[in-house]
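Enquirer: Got a structure for you, written out below as C-alpha cells; questions coming shortly.
Every read-out reported here was derived from the displayed coordinates using simple, explicitly stated rules and does not represent laboratory data. Fair warning: this is a prediction, and the values are worked out from it, not measured in the lab. Please note: Cβ atoms are built from the backbone with ideal geometry, for glycine as well, and neighbour counts cover all protein chains shown.
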Amino acid sequence: MPASRGAASRTPARGRPKSARCEDLLDVAAEVFARRGYRQADVQEIADALGVGKASLYRRYPRKRELFLAAADHGMQRLRDEVHAAADGERDPLDQLAAAIRAYLEYFDEHPQHVELLIQERAEFRDRKTNTYFAHRAANRRRWRALYLSLMRAGRVRRMPVDRLMDVVGQMVYGTMFTNFFAGRAHTPARQAADILDVMFHGILPAGRRAAPGARRKRR
C-alpha cells in the first residue's frame, strides 16, 4: 500500500471543529482497518491516534461494525465528491465523462485503504443485501444516465439501452480499479482512463467491420 498520512501523525482531535473531527475519525479508522483487518483492528488504536478516549468513540459508534461501515461510507462519499468535482470542471459531456473516469481511478490510486475496506466488507458482512460501493453507485446513477441520454439525443453516442451502457462502463472502471490494487498499475490513471475511453468509443474492429459478432451468420 502506498504511503499515506499516518494515523499516528495526526493532530489531536480536541479543539477542532466537529465536522473536521468526524472526518479525522473516519480517515484514521479506515487506515487502521485497512492495515490490521477488521477482526484484528482495535478501537483503542484509533482513539490513541486521535488523542481522545475510547469511550468517546463508542458514544458515537457503539459497535466496531458501525465504525467500520461509517468509514467505508465516508470513503465512497469522498469518491463521489471528487468525481463530481472533476466532471463539473468540464463543459462538454464527453470531457465530463473522461474527467470522471480519470478522477475515479486517481482516487483509488491515492486511497488504496478504501479498496481494502470494500474487500473486507464483502468478507465480513455477508448479511448485507447491498454493500457500500454498490449502494453509492445506485444513488449516483441519475446524473450519469442524464449525461448519456444527452449524448444519444445529440447523436454523439449511438442509441442503446442506457442502463446497459452504464453497466458496461461501470464494470470497466471497477475492474481496472481492482486490477490496479492487486497487480499494480502499468500506466497512470490518466492513461488508463484514456485507454478505456478509446476502446469504448472506437471499439477494436476496423472501420467498416463493426457488425456485432454472429451478425453475418444470421443474415445467411
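Okay, residues lined up against (1) assigned to a helix (DSSP H, G or I); (2) more than 30 Å from Glu31 (Cα to Cα); (3) in contact with a Pro (Cβ under 7 Å, 6 or more places away or on another chain):
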residue: Leu151; (1), (2), (3): yes, yes, yes
residue: Leu165; (1), (2), (3): yes, yes, no
residue: Gly170; (1), (2), (3): yes, no, no
residue: Met177; (1), (2), (3): yes, no, no
residue: Phe182; (1), (2), (3): yes, no, no
residue: Ala190; (1), (2), (3): yes, no, no
residue: Ala193; (1), (2), (3): yes, no, no
residue: Leu205; (1), (2), (3): no, yes, no
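Enquirer: Pull up the range 160-192, narrow it to residues that are buried (at least 16 other Cβ atoms within 10 Å of the Cβ) and of a type in the set (A, V, I, L, M, F, W, C), then point me to the one that is farthest from Ser150 (Cα to Cα).
Expert: Among those that are buried (at least 16 other Cβ atoms within 10 Å of the Cβ) and of a type in the set (A, V, I, L, M, F, W, C), it is Phe181.
Enquirer: Same structure, new question: What's the number of the only condition in (1) under 14 Å from the mean Cα position of the chain (by Cα); (2) crowded, with 21+ Cβ neighbours inside 10 Å that Asp73 fails to meet?
Expert: Failing condition for Asp73: (2).
Enquirer: Going by what's in this entry, would Val162 be described as at negative phi and within 20 Å of the chain's Cα centre (by Cα)?
Expert: In short, no.
Enquirer: Additional query: Output the number of residues of the range 42-68 satisfying the condition of being in contact (Cβ under 8 Å) with a residue 24 or more places away in the chain and either in a loop (DSSP other than H, G, I, E, B) or touching a strand residue (DSSP E or B) at 6+ places or on another chain (Cβ under 9 Å) (or both).
Expert: Final tally of qualifying residues: 2.
Enquirer: Which of (1) crowded, with 18+ Cβ neighbours inside 10 Å; (2) over 27 Å from Val162 (Cβ atoms); (3) in contact with a Phe, Trp or Tyr (Cβ under 9 Å, 6 or more places away or on another chain) does Arg65 not meet, given it meets every other one?
Expert: (1)
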